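Below you'll find the structure, written out as structure tokens, and then a few comments.
The values are calculated or read from the model by the stated rules, or taken from the named source; none is laboratory data. What you are looking at is a predicted structure, and each value in this text was computed from that prediction instead of being measured. Please note: Cβ atoms are built from the backbone with ideal geometry, for glycine as well, and neighbour counts cover all protein chains shown. Ligands, DNA and RNA are excluded from the accessible area calculation, which covers all protein heavy atoms including side chains. Shrake-Rupley method; radii C 1.70, N 1.55, O 1.52, S 1.80 Å.
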Amino acid sequence: MSAVPQAVGSVVALRAQFRDGKAELLEHFAQSRANATVAGQLVRALARHVDSILAALWTQAGLPVQAALVAVGGYGRGELFPHSDVDVLVLLPAEPDEEERGAVERFVTACWDTGLEIGSSVRTVAECVAEAERDVTVQTALLESRLVCGARRLFTQFRRTQDLAMDAGNFLRAKTLEMQQRHVKYEGTPYALEPNCKESPGGLRDLQVVIWVARAAGLGRTWGELASKGLITPFEASQLVKHEGTLKLIRARLHMVAGRREDRLVFDLQTAVAESFGYRASESQRSSEVLMHRYYWAAKAVTQLNQILMLNIEERISGSETTPMRPITARFFDRAGMLEVASDDLYIDNPHAILETFLVYQQTPGLQGLSARTLRALYNARNVMDAAFRRDPINRELFMDILRQPRGTTHAMRLMNQTSVLGRYLWVFRRIVGRMQHDLFHVYTVDQHIVMVMRNMRRFFIPEHAHEYPFCSQLAAQWDRPWALYVAALFHDIAKGRGGDHSELGQVEVRRFCRDHGVGKEDTRLIEFLVKHHLTMSRIAQKEDLSDADVIRDFAKLVGTPRYLVALYLLTVADIRGTGPKVWNAWKGKLLEDLYRLTLRALGGAQPDPGAEIEARKQEARQNLALHSALPGTEEPLWRTLEISYFARHEAADIAWHARSLWRHVAAAGPKVFARTSSVGDGLQVLVYCPDRPDLFARICGYFDSAGFSIQDAKIHTTRAGYALDTFQVVATPGNAPDSPGGYRDLISLVETQATLALASTGPLPDPRSGRVSRRVRSFPVKPRVSLAPDERAQRWLLTVSASDRSGLLYAIARVMAKNQVNLQLAKITTLGERVEDTFLVDGPELQKPRAQLRIETELLDAVAAPA
């Protein structure tokens, strides 16, 4: 009877021993320098610590002497991270009887009581083999088995049986497919914003899968053994150890900061993990960006090495090393669709062949990629790509040849970046490899973004992609030197992360590149202009009044010629499309195209004639009305009340729609709301007409916010009769987009009814909602900025607001304007990912008073500040 209390007492003691021992190990790790060696020591020490606790519990449980306790999975490798599960196999010689089942249950229960987060299975050797044949995950876990305690003879029999049952070819195929599926699940890139340092491409799992398949094929169990078998070079082995150590260090720190098993570098934890490394924010980058830069470099190297080794192991297992090859040149062969070097030391003996690799890849139809031998040769030739290599005239000519090729430019550049050749040849590019920008709208690292922009630019010149950007493809078809635009795309963001104006710094870098690569003066001037002004066209299109002739004249003066305008337009579209999948929309495309056409007309020598343009627009609107069977004179009741500025700001189709909708309501006593599907992409165009009042814009914003719509553009006009005639371009916010076949068309009646009721309200404006912000905004908030400055004529004021996006933000701004009797004339709503940069053209008596102006700016800052 005394055995149970004694066992309970032992469990309590072991629980304290486990807790105190683990705490001591973690404290030592936390106080140590953040290096890979310490991380390796920690995970091995934690595994040994758990070994001792399990051995004691095994003895207490009274399990049969013929049984064995086997560590499997990561624990089987002899590694445990601070909050990893402990996976074990209770290996029995035969089916257990009642007494043995009871002993196993006591053992597992005691493990949990001790504080071990254990994952256990109970099997015989035969059951292990059968389960492994059915499930490759089980087979993999058993592959990394290790005896903790118990019957060594049974464990040896188990290992021998597992090895005999292993089919290396099938196992390789299964693990390769599993890896491909995992990569797809984790965005297919090592550069994810919130990567999983274990499962994402370039994570620890990509290293583990190499060891698994090598072990299954009998090629080795460690990097040292793989090197001794000739599967990897000593340099590759040292690189694998280095980068594996970095990933282990980051994962261990992540577990400690999170206080739980957490393998994702989520935004909420990135800063804390970075600070645990001792990283601190500087003027040019956050501490989290320093951490992620280190992670991305390691993950990229792991991705490269994984590709090399998996291809190499596949060749060993399948025997494809002896596959016949077709010669392409004296230096390169086609091996089953992969580009193969003629010798392992080709690049060492002839460095010019490095860039020639990618030129041959472009020029040879049918090649699908680079072989393992070629990838390895490139990886081991890194030190060859030094300053002399970069200065070599032959290499410079080869690089320009790559850019000038009629096909394969995107694939070549992507391959050059993946193999680190691009960063080694263009040293300035190397500085932005793996550099993340936590600015709430870029979703790629700078190097990824640049390659994406080059891809977008290249697609403008490919007929098969003309349906994607018809207008851009039309302009590109008339362009004679596409390579100049590729160079501009390559350098437009190359100076990111240095502090200062990256556009101006990039202009200096591209000028040096053009000089070194023999680019002519005319092309150099164009490329410099594009890099320096690559943000200008987007800013003007999205923030300024395109109906203002001065805006168009000044921009036309800046670009100077139609050729420069076309080039800047193409780069701007390619750049925005390469920023992230949610940044570009049809409305932004329309604004850019409008600016292009207006500027082209100005560059053609046409002097602005507002009167003639307005008359032409009116005539076009009348024709549109006639097409809709409107009676002659339908437009007159409304047009008699409108100022010239109305006609200058609206297109003919909109003017006709307004006249057709309002001809019976010009003197309406209450609000009238009309909606139609947008002619520019998704969304609705909404017309609001009612007697003007100071809080009207705020009420409209309040309605759209509550109804789940986001305003993209607003044109505000007040008639001579004192009526507001406002037009809004709106889209549904994420999560509220219509999913019915009718899409937005089904919402027209609902919007017209609900908005009319909302605008008829005369009560006080409700308080703005405390809109929810995303995790990314919480982790990397944008400092709110408000700027209020008079326009060039000092007649109106330009209000600019920059802040983190959230629901209800525009309503909060409009409410402050209504309270202070600030009248809105034009609104440019710009959303860049999760950051907003809104511009309003306003006037009002309070803006003429310095003290009142300061109060308004302060209230706006309070209104746009992210909620706590």
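Give 185/496; 672/819; 521/828 a once-over and call out the pairs whose C-alpha atoms are over 27 Å from each other.
185/496; 521/828
At 0.36 nm per residue, and after removing the present C-alpha to C-alpha distance, how many nm does the segment from residue 430 to residue 754 gain when stretched out fully?
111.1 nm
Once you put a point 7 Å from the Cα of residue 821 and another 7 Å from the Cα of residue 554, both along the Cβ direction, what distance in nm separates them?
Inter-label distance under the simple model: 3.0 nm.
In whole angstrom, how far apart do the alpha carbon centroids of the range 264-283 and the range 52-131 sit?
38 Å
At q = 0.17, 0.28, 0.29 Å⁻¹, what is the log10 ratio I(q)/I(0) for the range 47-106, with the Debye formula run over Cα points and no solvent?
-0.60, -1.20, -1.24
Round to the nearest 10 and report in Å² the accessible area of residue 166, as given by a 1.4 Å probe over the protein chains' heavy atoms.
40 Å²
Once you have a ≥ b ≥ c as the square roots of the Cα gyration tensor eigenvalues for the range 96-221, tell me rounded if a/c is under 1.5, and otherwise prolate or oblate according to whether a/b is larger than b/c.
Note, shape of the range 96-221 comes out oblate.
Once fully extended, how much extra length lies between residue 843 and residue 536, figured as 0.36 nm per residue of separation less the alpha-carbon to alpha-carbon distance?
Extending this stretch completely gives an extra 107.9 nm.
Tally up the carbon and sulfur contribution to the accessible surface of the chain as a whole percent, 1.4 Å probe, everything protein left in place.
52 percent
Express in nm, to one decimal, how much length is gained between residue 127 and residue 400 on full extension, taking 0.36 nm for each residue of separation and deducting their alpha carbon distance.
In short, 92.1 nm is gained.
Need one number: nm distance between label points at residue 855 and residue 146, each 7 Å from Cα along Cα→Cβ, rounded to one decimal.
Inter-label distance under the simple model: 7.1 nm.
At R0 = 22 Å, how high is the FRET efficiency between residue 27 and residue 268 if r is their beta carbon distance? Nearest 0.05 is fine.
Given R0 = 22 Å and the Cβ-Cβ separation, E is 0.40.
What does the charge count around residue 105 come to, taking other residues whose C-beta lies under 15 Å from its C-beta (Lys +1, Arg +1, Asp -1, Glu -1)?
Computed value for this residue: -3.
Can you tell me the dipole magnitude for the range 479-633 around its Cα centre, using point charges on the Cβ only (Lys, Arg +1; Asp, Glu -1), in Debye to the nearest 20?
Result for the range 479-633 is approximately 320 debye, rounded to the nearest 20.
Quick one: Kirkwood hydrodynamic radius for the chain, alpha-carbon pairs, angstrom, one decimal?
This gives a value of 31.8 Å.
Would you mind getting me the FRET efficiency between residue 164 and residue 644? Use the beta-carbon distance for r and R0 = 60 Å, nearest 0.05.
0.10
Distance in nm between label sites at residue 330 and residue 623, each 7 Å beyond Cα in the beta-carbon direction?
6.7 nm
Accessible area per residue of the chain at 1.4 Å probe, in Å²?
Heavy-atom accessible area per residue stands at 44 Å².
About its Cα centre, how strong a charge dipole does the range 1-160 have in debye, to the nearest 20, once Lys and Arg get +1 and Asp and Glu get -1 at the Cβ?
Here the size comes out at about 640 debye.
Quote the charge dipole size of the range 344-410 about the Cα centre in Debye, to the nearest 20; the model charges only the Cβ of Lys and Arg (+1) and of Asp and Glu (-1).
Roughly 260 debye, rounded to the nearest 20.
Within the range 648-686, which residues have the backbone N less than 20 Å from the label spot 7 Å out from residue 636 along Cα→beta-carbon, could you tell me?
Label zone hits: 655-668.
With just the Cα atoms defining each centre, how far is the range 791-850 from the range 380-398? Give it in Å.
The two parts, judged by their Cα centres, are 53 Å apart.
Please say if the range 286-413 is rounded, prolate or oblate, where rounded means a/c under 1.5 for a ≥ b ≥ c the square roots of the C-alpha gyration tensor eigenvalues, and otherwise the choice is prolate for a/b larger than b/c and oblate otherwise?
Oblate.
Considering Cα pairs under 8 angstrom that are at least six residues apart, work out the relative contact order of the range 464-590 and quote it in whole percent.
Relative contact order here is 24 percent.
Assign one of three labels to the range 565-721, namely rounded, prolate or oblate, based on the Cα gyration tensor with a ≥ b ≥ c the square roots of its eigenvalues; rounded applies when a/c is under 1.5, prolate when it is not and a/b is larger than b/c, and oblate otherwise.
In terms of gyration-tensor shape, oblate.
Any idea how far the Cα center of the range 8-30 sits from the one of the range 638-677, in Å?
Between the Cα centres of the range 8-30 and the range 638-677 lies a distance of 77 Å.
Put +1 on the Cβ of every Lys and Arg and -1 on every Asp and Glu Cβ in the range 509-650; which of 612, 529, 569 then has its Cα farthest towards the positive end of the dipole?
It is 529.
In the range 7-130, with Lys and Arg counted as +1 and Asp and Glu as -1 at Cβ, which of these residues, 116, 29, 62, has the Cα nearest the positive end of the dipole, that is, farthest along it?
Working it through, the farthest residue towards the positive pole turns out to be 29.
Heavy atoms only, 1.4 Å probe, whole protein assembly: order 615, 187 by accessible area, highest first.
Correct descending sequence by accessible area is 187, 615.
Taking a 1.4 Å probe, which of 598, 631 shows the most accessible area, and what order do the others take after it?
From most accessible down to least: 631, 598.
Once you keep just the Cα pairs under 8 angstrom separated by 6 or more residues, what percentage relative contact order results for the chain?
7 percent
Suppose R0 equals 45 Å; then what is the FRET efficiency for residue 676 and residue 508 from their Cβ-Cβ distance, rounded to the nearest 0.05?
The formula returns an efficiency of 0.35 here.
Just the number, please: Stokes-Einstein D of the range 452-562 in µm²/s, Kirkwood Rh from C-alpha pairs, 10 °C, 1.306 mPa s.
After rounding, the answer is 103 µm²/s.
If you rank 628, 665 by how much accessible surface each has, with a 1.4 Å probe, what is the order from largest down?
Listed by decreasing accessible area, they come as 628, 665.
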